[in-house]
Amino acid sequence: MQLIFEKSRPGRKGFALPELDVPVGAGLAEKYCRKQAASLPEVSELDVVRHFSNLSRLNFSVDTNFYPLGSCTMKYNPKFTEKACALEGFSDLHPLLPQLLGGGMLAQGSLEVLYNTERLLSEITGMYAFTTHPLAGAHGELTGVMLIAAYHKHNGERRKHIIIPDSSHGTNPASAAIAGYNVVVIPTDKDGLLDMSAYKKALSRETAAVMLTCPDTLGFFNPKIKEIADLAHAVGALMYYDGANLNAILGKCRPGDIGFDVIHLNLHKTFATPHGGGGPGAGPVGVCEKLADFLPISRVIRRSDGTFALDYHKHKSIGYIAPFYGNFGVILKAYAYILCLGRAGLIEASENAVLSANYCLSRLKDYYEPAYGKRCMHECVLSAARQLEHGVHALDISKYLIDKGFHPPTIYFPLIVKEAMMIEPTETESKETLDEFIDCLIEAASLAESNPEALHSAPLSMPVKRLDETKAAREPNLRWQQK
Ligand SMILES: *Cc1c(COP(=O)(O)O)cnc(C)c1O
């Protein structure tokens with residue numbers, strides 16, 4: 001495909017601006033005025049429409065195809081939430097609207113949305129209070145770890161490390177390190193769970209927190225989770241819950257009841273915001289009561305007369321972690337989604353997510369080795385180790401799936417499973433779609449034995465074929481060159 005700049009022809013126009021009715025450069029200091037016109041592409045409207053329509057068709061998305069990317073929860077999100085976001089009263093609201101003027105009466109509806117979303121998330125997770133400010137899961141983690149640091153500091157303690165299992169998402173150790181902690185990694189035992197003896201050895205009065213994902217990135221719910229939390233609390237450490245997988249347990253159990261002190265959620269995974277490409281997300285953070293005073297400012301409060309306001313006067317707060325109040329549109333979508341599904345709907349979503357993953361696992365387990373040979377929660381991890389005996393890697397199978405119209409599962413993660421393929425089908429896919437995908441994977445397993453070359457050469461149908469990844473890394477060619 002050509003770049004829009006290559007389509008440019010001198011003098012071609014897609015849009016005519018009205019005649020200028022002010023002096024050129026009025027009021028601007030000479031040094032800020034352009035000497036030359038900006039070199040924008042000169043194209044017709046039709047050129048622009050075709051260019052971007054064709055580009056959009058190169059996108060792979062949940063709206064076009066099945067996208068079982070494990071850990072990322074790429075589910076279909078209902079479009080009505082977009083409608084709620086587009087309502088003028090929300091979308092035209094300026095973040096600098098003087099909330100205190102008229103007692104915040106200009107933004108009561110939006111403040112109420114923030115307040116109610118915090119309450120709903122607290123109820124769903126069993127936490128005492130939430131902040132909606134963090135702008136992504138990783139940002140929520142950093143906020144959560146900063147809250148933990150603030151809590152220990154307030155108690156006059158200097159704790160040095162955070163305990164994290166080796167199956168964790170890479171953002172966990174990264175967040176702990178950015179917040180100034182050393183990371184102590186605990187191996188996974190033969191059952192795919194936290195190695196308890198290594199864990200007990202690592203725990204000490206130096207432990208600031210234990211950061212866990214449950215169900216974890218292997219798709220397992222740790223039955224010893226309560227014992228793990230009790231052991232941490234016994235040495236004064238806090239429990240951090242990475243809630244990226246909350247879609248597996250909605251309405252079934254609550255991290256707060258298990259003993260977690262801090263939790264982040266990914267609204268763009270569990271609660272109806274489409275994601276990918278780094279698009280806007282939200283990673284609200286929930287805390288138990290003893291950590292609530294440290295939450296970032298501002299806090300939405302409800303006054304005794306039932307109106308809402310923003311409170312900035314929290315002297316123990318860790319301060320600002322994001323401009324304004326978080327990604328408001330994402331929070332609003334989550335609110336609309338939770339209200340629409342209600343208690344029964346959220347429970348059903350979780351049950352179906354777990355059912356779908358186990359259906360995939362059951363139909364595929366004779367073709368690909370399941371990690372640790374166990375049933376799973378909302379995602380299943382399979383290994384292509386058997387296929388590797390024929391020289392076929394998880395990567396080859398993924399490329400083959402692309403040709404067949406499926407987004408590959410997450411591969412080579414979690415790091416502890418050889419040739420890992422991590423499948424998260426979500427609750428939104430039909431049995432027919434799951435079957436087509438499974439059949440395709442079974443076909444790939446049989447090709448691995450009969451004709452591995454067919455997998456090595458995939459994808460054949462895509463604008464970009466198999467890349468030489470070493471060359472791409474060693475000699476990256478990232479700039480467009482004028483021909
Ligand atoms: C996605 C994910 C994260 C990070 O969330 P982002 O919103 O992508 O920053 C953290 N932990 C787990 C288990 C995840 O799946």
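Bear in mind these aren't lab numbers, they're just calculated from the coordinates by the rules spelled out. Computed from a predicted structure; not experimentally measured. For neighbour counting, all protein chains shown are included, and Cβ atoms are generated from backbone atoms with ideal geometry for every residue, glycine included.
The modelled label-to-label distance for the pair H233/K200, using points 7 Å beyond Cα in the direction of Cβ, is 1.9 nm.
Between A29 and T64, the simple label model (points 7 Å from Cα in the Cβ direction) yields a spacing of 4.8 nm. Our analysis of the range 79-340 gives Rg over Rh at 0.98, with the two radii drawn from alpha carbon positions and Rh computed by the Kirkwood formula. Could you work out the pair-distance distribution P(r) of the range 128-202 from its alpha-carbon pairs, with 5 angstrom bin width and percents rounded to whole numbers? Bins of 5 Å from zero give 3, 15, 21, 20, 19, 14, 6, 1 percent of pairs.
Were the residues from R9 through T307 laid out at 0.36 nm apart, the gain over their Cα-Cα distance would be 101.5 nm. Beta bridges per DSSP, both residues in the chain: antiparallel share near 55 percent. With a Förster radius of 30 Å applied to the C-beta separation of L96 and E123, the computed FRET efficiency comes to 0.45.
By residue number, which cysteines of the chain lack any other Cys whose Cβ falls under 4.7 Å from their Cβ? Lacking a cysteine Cβ partner under 4.7 Å: C33, C72, C85, C214, C253, C288, C340, C360, C440. A full extension of the chain between V183 and K316 corresponds to an added length of 45.3 nm, given 0.36 nm per residue minus the alpha carbon distance. Phi angles across the range 26-32 convert, under the Karplus curve 6.51 cos²θ - 1.76 cosθ + 1.60 with θ = phi - 60°, into 3J(HN,Hα) values of 3, x, 8, 4, 3, 5, 8 Hz, Gly and Pro given as x.
For Y400, Y325, the sequence from fewest to most other C-beta atoms within 10 Å is Y325, Y400. Between K79 and L40, the simple label model (points 7 Å from Cα in the Cβ direction) yields a spacing of 3.0 nm. The amide H of S457, built 1.01 Å from its N in the peptide plane, has no neighbour under 5 Å, considering only residues 5 or more places off or on other chains. What residues from the range 24-65 fall in the zone where the backbone N is under 17 Å from a label point 7 Å along the Cα-to-C-beta line of A16? Zone members listed by number: 43-46.
If R0 is 51 Å, the Cβ-Cβ spacing of M1 and K418 corresponds to a FRET efficiency of close to 0.85. Whole-percent P(r), the chain, all Cα pairs, 10 Å bins from 0: 4, 17, 24, 23, 18, 10, 3, 0. Measuring from centroid to centroid over Cα atoms, what is the spacing of the range 43-79 and the range 414-483 in Å? Value for the Cα centre distance between the two parts: 18 Å. Just so you know, the Rg over Rh for the range 1-58 is 1.11, from Cα atoms, with Rh as the Kirkwood radius. Sorting 211-221, 146-156, 428-438, 26-36 by average packing, meaning the other beta carbons within 10 Å per residue, from highest down gives 211-221, 146-156, 428-438, 26-36.
For T410, the residues whose amide H sits under 5 Å from its own are G70, M422, E424, ignoring neighbours fewer than 5 places away on the same chain, with H placed 1.01 Å from N.
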